[in-house]
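The values are calculated or read from the model by the stated rules, or taken from the named source; none is laboratory data. What you are looking at is a predicted structure, and each value in this text was computed from that prediction instead of being measured. FYI the Cβ positions are ideal-geometry reconstructions off the backbone, even for glycines, and counts take in every protein chain you see. What goes into the accessible areas is simple: the full protein's heavy atoms, side chains included, and nothing from ligands, DNA or RNA. Shrake-Rupley method; radii C 1.70, N 1.55, O 1.52, S 1.80 Å.
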Amino acid sequence: MKALCWQGVNDLSVEEVPDPGIRNRQDAVVKVLASTTCGSDLHLLGGYIPAMRAGDVIGHEFLGEIVEVGPDVSRHKVGDRVVVCSFIGCGRCWYCENDLWSLCDNSNTNPGIAQAMWGYETGGVFGYSHAMGGFRGAHAEYVRVPYADQGAFPVPEGVDDASAVFASDAAPTGWMGADLGGVKPGDTVAVWGCGAVGQMAARAAMLLGAERVVAIDRLPERLDMTRRRIGCETLDYTATDVGAELRELTGGRGPDVCIEAVGMEAHDTGPQHWYDKAKQMTRLQTERPAAVREAIHACRKGGSVFVLGVYAGLADKFPLGAMMNKGLTLRGAQMHGHRYIPMLLDRIAKGELSTGHLATHTMPLDEAPKGYDLFKNKKDGCVRAVFRPAG
Amino acid sequence: MQRAKTAAAAATAAAGAGAAAWWLKSRSGAPENAERWLVVTVNRPPGELAAGLAPAPLARLPEPLAELGDDIVVEVRPAPGGKGTELAARLRDPRRAGVVDRVRGNDPRQQVRSALRDAKSLLETGEVLLPDLPTTRPTPVGEVLELATRRAGGEGRL
Ligand SMILES: NC(=O)c1ccc[n+]([C@@H]2O[C@H](COP(=O)([O-])OP(=O)(O)OC[C@H]3O[C@@H](n4cnc5c(N)ncnc54)[C@H](O)[C@@H]3O)[C@@H](O)[C@H]2O)c1
Ligand SMILES: [Zn+2]
Ligand SMILES: [Zn+2]
């Protein structure tokens, strides 16, 4: 079959690889109908996530049709159209039972690598390095889905592929940021990043009852899309002083909840950007945490900051003093998708959550390297490129 | 160009390894104690694993541990807070393994770690998840990583 392979830093190609098959009794094989680029993949492309090997298939946000089930799969049958959660969860370890699915104890087949980096490992994820299980990615014609009863979710009738695919990763990630960030009715919420994840976080905050939601970015087409399709206010951080603007908007208090949806390659204005970039290039730090710093600074006293953006290792100039003295709650997580996906598919079906607009570019799998070029370099207003491996 | 990419990837891998090495050094600088128990917590009620708190009879152990036979000593105890059951194992005749042994896969503690992890998976989910078959091609960085991956089931902080 054909698959999109990581070949090295900023080097992707579509290759012929062996078809996947059932390896465990609880597996299914899914024929991919749609898969999409995610900001997390950019960190792989940039070479910031260790433990990638030339030839690894990438992609983790997808939807497809079940073509084969293992003997112990009971909730799905061949022909079902399913969204598959990007993280793999067994459903029976203590973490899965406590709805912390991305922390699954049984789904990462290479636990030693991440344990050495972070103390404990995360669960496995599709197409996201050998530190996270080394599973093949979803930018392929077929994918093996372990623990299929837990990780695959039927798509409600009437929801099209291009809308449903974002229930695999972007929508549950954004929802988790608002939910675990503790958004309550009446809150003011600020979201850094107007990519798919940030937009989903902003919409989730609104649906959870926030009175005012402000999303921050610099790309005019994304700011515009966020205002029109999500329906919240926006700020261009290159045109205004974000901290001052947020203070003015919140009666001087600062946002109750700050959600960071930017990640380790944040762009920044001024000398700090070059400082971070130089240290990242020379591997003295693995992150460029500009948005996290700003979120911690802007947050109200006693407020909460949720880090959705992906980070790999060590950050420099981390405002520990602001966090401690202002009594902030700082939290982060890889997405616990299983906990939210059925509810989100339901909301998409009811029209409460718009996702289809994120798919600005749709193309066959053969053109995936071009799709990543558009997405990475934010060309042609690209928010997400969606691939159609089945044609 | 290809060389530059490989170098960048090598730098990344090195940065990851460097960060890891930084953390791995224990605070006191003491070497890993080969006699220390290795423990996993299994999300199953204590009664199910082996009767009570007594050292589990080997015949009743999950297969991956039973396979290590007399080489290991096993203990089973309830985990606090309803977190299930702690399953602990230790080599009967501990021997300190150096870095070379660990890289070569000759550290017997690696086998104990893998067996504990596999036993836990079997007890919780009924199977041990197998990795996907690789689609990778050989490169110098890849070889190092391949080795790290092969050892990853038996290494780590368990
Ligand atoms: N926690 C999870 O499970 C999870 C899941 C999916 C994605 N992510 C992460 O979320 C992040 C966003 O993903 P995405 O797909 O939306 O990516 P994206 O690249 O499409 O969006 C990132 C946005 O951040 C903006 N940005 C850059 N610097 C900024 C700054 N200093 N302040 C404000 N905005 C800034 C960019 O202009 C861009 O629009 C990535 O780091 C990704 O890895 C995490
Ligand atoms: Zn993602
Ligand atoms: Zn689990």
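When the listed pairs A:K2/A:K77; A:K2/A:K376; A:K31/A:K378; A:K31/A:K370; A:K350/A:K376 are checked against a 26 Å cut-off, the alpha-carbon distance exceeds it for A:K31/A:K378; A:K350/A:K376. Of all the options A:I341, A:I58, A:I113, the one that moves most in a Gaussian network model of chain A with Cα springs shorter than 10 angstrom is A:I113.
When every Cα-Cα distance of the protein assembly as shown is counted in 10 angstrom steps from zero, the calculated P(r) takes the values 4, 18, 28, 27, 17, 6, 1, 0 percent.
Can you give the relative contact order of region A:301-391 as a percent, counting alpha carbon pairs under 8 Å and 6+ residues apart?
Rounded, it is 23 percent for region A:301-391.
I want to make sure I understand the PRE zone here: with the label point 7 angstrom from the Cα of A:E15 toward its beta carbon, which residues in region A:136-162 have backbone N atoms less than 19 Å away? Backbone N within reach: A:136-144. Counting only protein heavy atoms and using a 1.4 Å probe, the accessible area of A:Y275 comes to about 80 Å². Could you work out the percent of alpha carbon pairs in region A:245-339 separated by over 17 Å, rounded to a whole number? Cα-Cα pairs of region A:245-339 separated by over 17 Å account for 53 percent. Region A:248-319 and region A:1-35 have Cα centres separated by 34 Å.
Note that region A:170-332 carries a Kirkwood radius of 15.4 Å, evaluated over its alpha carbons pair by pair. For A:K317, the lysines whose Cα comes closer than 24 Å to its Cα, not counting residues fewer than 8 places off in the same chain, are A:K277, A:K279, A:K301, A:K326, B:K25.
Taking chain A as a Gaussian network of alpha-carbon nodes connected by springs under 10 Å, the highest mean-square fluctuation of the residues A:G79, A:G119, A:G195 belongs to A:G119.
Each of A:S13, A:S35 has its accessible area taken with a 1.4 Å probe; listed largest first, they run A:S13, A:S35. In this view, the solvent-accessible surface of B:E86, computed with a 1.4 Å probe and all protein chains in place, comes to about 40 Å². Accessible surface comparison of A:R53, B:R151, probe 1.4 Å, protein chains only, largest first: the order is B:R151, A:R53.
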